[in-house]
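Asker: Got a structure for you, questions after.
The values are calculated or read from the model by the stated rules, or taken from the named source; none is laboratory data. The structure displayed is predicted, hence computed values, not measured ones. Here the Cβ is made from the backbone with ideal geometry for all residues, glycine too, and neighbour counts use every protein chain on show.
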């Protein structure tokens, strides 16, 4: 009779303050207009959620945005301070029509420098030299690694035939997959640093090679943070672009832009900043519920959020918080002990959950307190 058990229950919205609230953002904003491209996508860089898209799953040539995956493989394997000599095969790409930084056979550079030249100036010669080094002398072996990594990431629309993005019948990706690939690469501080670099210099034993970023947004759009350009006859003008302002960050993908790829990407990124807003939906330390201390009628312990939770809200998104607490809390609890949770829903999708913890601790009731609670309850029922 004196035992107490756990039985989580969900409190009704009416029992809680601010359980349901509407976010009246700029609801008049429609989907991005004027983005002329075969496929495009805008996503929240933090969560990967697609916010707007057109044919985002269509498999298309992606040109030098391929080098994002080359960089990802290089970053996974590490050892970027290792120096290698540029092979004649790699140096052959240091001439038109290939994008190149003018490498020569026998040039000695570190893998880090080759990665910089591949991402900043989109050097095919540097990318081939890097691929040979990562593939143990075999570019084909490196391409196999890229395809394995694509499968590991669940990139169902992506297949590589070469490490630089040259046109090939089966060399394909999609705007959706490029979002996922870019988010994965942006987890690496070195990648973020390189793709945000406007100018750099790499050095061989006998000369310096200047690098200028091919991403024009880095020079014209202050929020821009990267990522990679690409152009081939089959792919057309392509761009994966990222931007950040405050606690919001977005990634835009444009494949085969029919006009200015930079203007199209800018339109997408600006739409993100205008139409969406990251809001703190649960604040750490804020009270969301309380529980009655076992066997101490009338004594309650506040439950506060153990951490904060924020989410991106778009036009017309509605937020719902559901608080879950035990019917009967444990006999004793320490301050900060988890006793429930808040589940947050945004626009019908689960945005996450936050633990509710005891704002103060309490000790287990003594045997006398338990007996008195039981006797008191008995007489209360008799009196009723």
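Asker: Could you say which residue among 274, 332 is surrounded by fewer than 15 Cβ atoms within 10 Å (Cβ to Cβ) and within 30 Å of residue 229 (Cα to Cα)?
Answerer: Matching residue, one of 274, 332: 274.
Asker: I need the full set of residues from segment 122-133 which are farther than 13 Å from residue 166 by Cβ and buried (at least 24 other Cβ atoms within 10 Å of the Cβ), in order please.
Answerer: 123, 126, 129, 130, 133
Asker: Checking residue 265 against (1) in contact (Cβ under 8 Å) with a residue 60 or more places away in the chain; (2) surrounded by 18 or more Cβ atoms within 10 Å (Cβ to Cβ); (3) not assigned by TED's automatic domain parsing to the domain that holds residue 180: exactly one of these is not met. Which one?
Answerer: (1)
Asker: Could you check residue 79 against (1) outside any helix (DSSP H, G or I); (2) without any contact (Cβ under 8 Å) to a residue 40 or more places away in the chain; (3) surrounded by 24 or more Cβ atoms within 10 Å (Cβ to Cβ) and say which number it fails?
Answerer: (3)
Asker: Test each condition in (1) crowded, with 22+ Cβ neighbours inside 10 Å; (2) not assigned by TED's automatic domain parsing to the domain that holds residue 326 for residue 303 and report the one that comes out false.
Answerer: Unmet condition: (2).
Asker: Kindly establish whether residue 99 is closer than 11 Å to residue 67 by Cβ and over 28 Å from the mean Cα position of the chain (by Cα).
Answerer: So residue 99 passes the test.
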